[in-house]
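Colleague: Structure incoming, see below.
The values are calculated or read from the model by the stated rules, or taken from the named source; none is laboratory data. Fair warning: this is a prediction, and the values are worked out from it, not measured in the lab. Positions of Cβ are generated from backbone atoms using ideal geometry, with glycine treated the same way; all protein chains shown enter the neighbour counts. These area figures cover heavy atoms from the full protein model, side chains too; ligands, DNA and RNA do not enter into them. Shrake-Rupley method; radii C 1.70, N 1.55, O 1.52, S 1.80 Å.
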Amino acid sequence: MPRGRLVLADGLWAAGQEQPDTLVDIATLTGAQMAALGVRTAGIMGDDEVRDRVVSAATTAGEPAWPMPLPEHLRPSLDSFVADLKNMGDKHGGMLVAGLFLREFVPEHRGRRVPWAHIDIAGPSFNESQPWGYTPKEGTGFGVRTMLALVADHAK
């Protein structure tokens with residue numbers, strides 16, 4: 001049972017209460033990320049503009065990332081008969097369904113949802129093979145360079 005996404009959902013809501021210009025979260029959200037993109041490439045989901053800025057920052061930082069969609073046809077799989085929302089939906093497209101789940105917790109301010117993106121680092125966060133490039137064996141720190149590049153770009 002993926003409880004981490006529940007904690008992340010709470011974190012998104014809480015961070016959104018600060019009325020930020022943009023929200024970007026990073027987590028080892030799903031094993032489905034590895035099935036789709038392997039162990040070196042992060043999946044980036046969210047609002048198209050923010051998602052694309054994160055992918056650009058990752059490219060600048062030298063961290064492999066790929067933009068992923070949030071297909072609306074998968075959203076109904078999160079509907080529940082007994083609750084407002086299920087934390088797991090259709091197993092096919094699991095990474096995308098998890099992204100749709102998180103999107104539900106990004107709050108609105110001034111009549112629109114805070115611009116948001118999620119970086120799924122399930123694969124790239126831990127390297128079980130040999131070191132490569134600047135990526136060490138075991139914990140990689142993947143995403144730190146991307147986040148710094150994103151902040152630097154936003155500061156311009």
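Colleague: Return a yes/no flag: does region 147-154 have any residue that is surrounded by fewer than 14 Cβ atoms within 10 Å (Cβ to Cβ), in a helix (DSSP H, G or I) and not aliphatic (A, V, I, L, M).
Modeller: Pass one, region 147-154, residues surrounded by fewer than 14 Cβ atoms within 10 Å (Cβ to Cβ): 148, 151-154.
Subsequent filtering for residues that are in a helix (DSSP H, G or I) retains 148, 151-154.
Now drop any that are not not aliphatic (A, V, I, L, M), which leaves 153-154.
Yes, region 147-154 has at least one match.
Colleague: Name every residue in region 111-121 that is in a loop (DSSP other than H, G, I, E, B) and at pLDDT 95 or above, in order of residue number. Explain how you work it out, then say what you get.
Modeller: First, pick out the residues of region 111-121 that are in a loop (DSSP other than H, G, I, E, B): 111, 114-115, 121.
Of everything in region 111-121, those that are in a loop (DSSP other than H, G, I, E, B) and at pLDDT 95 or above turn out to be Val114, Pro115, Ile121.
Colleague: Being open to solvent by less than 50 Å² (accessible area, probe 1.4 Å), closer than 22 Å to Ala36 by Cβ and part of a loop (DSSP other than H, G, I, E, B): is that true of Gly89 here?
Modeller: yes
Colleague: Out of the residues in region 122-146 that are on the phi > 0 side of the Ramachandran plot and outside any strand (DSSP E or B), state the one that is least open to solvent (accessible area, probe 1.4 Å).
Modeller: Step one: of region 122-146, the residues on the phi > 0 side of the Ramachandran plot are 133, 138, 141, 143.
Subsequent filtering for residues that are outside any strand (DSSP E or B) retains 133, 141, 143.
Values: Gly133: 87, Gly141: 45, Gly143: 3 Å².
Only one residue tops the list, namely Gly143.
Colleague: Still on this model: Determine, yes or no, whether Gly11 is under 14 Å from the mean Cα position of the chain (by Cα), among the small types (Gly, Ala, Ser) and surrounded by fewer than 18 Cβ atoms within 10 Å (Cβ to Cβ).
Modeller: Values: under 14 Å from the mean Cα position of the chain (by Cα): yes; among the small types (Gly, Ala, Ser): yes; surrounded by fewer than 18 Cβ atoms within 10 Å (Cβ to Cβ): yes.
Considered against the rule, which asks whether it is under 14 Å from the mean Cα position of the chain (by Cα), among the small types (Gly, Ala, Ser) and surrounded by fewer than 18 Cβ atoms within 10 Å (Cβ to Cβ), Gly11 comes out as yes.
Colleague: A follow-up question, please. Pull out all pairs, ordered by first then second residue, where Cβ-Cβ is under 6 Å, the residues are six or more apart or on different chains, the first lies in region 24-49 and is more than 24 Å from Asp153 (Cβ to Cβ), and the second is β-branched (Val, Ile, Thr) and open to solvent by less than 40 Å² (accessible area, probe 1.4 Å).
Modeller: Here the result reads Thr28/Ile121, each pair linking region 24-49 to a residue that is β-branched (Val, Ile, Thr) and open to solvent by less than 40 Å² (accessible area, probe 1.4 Å).
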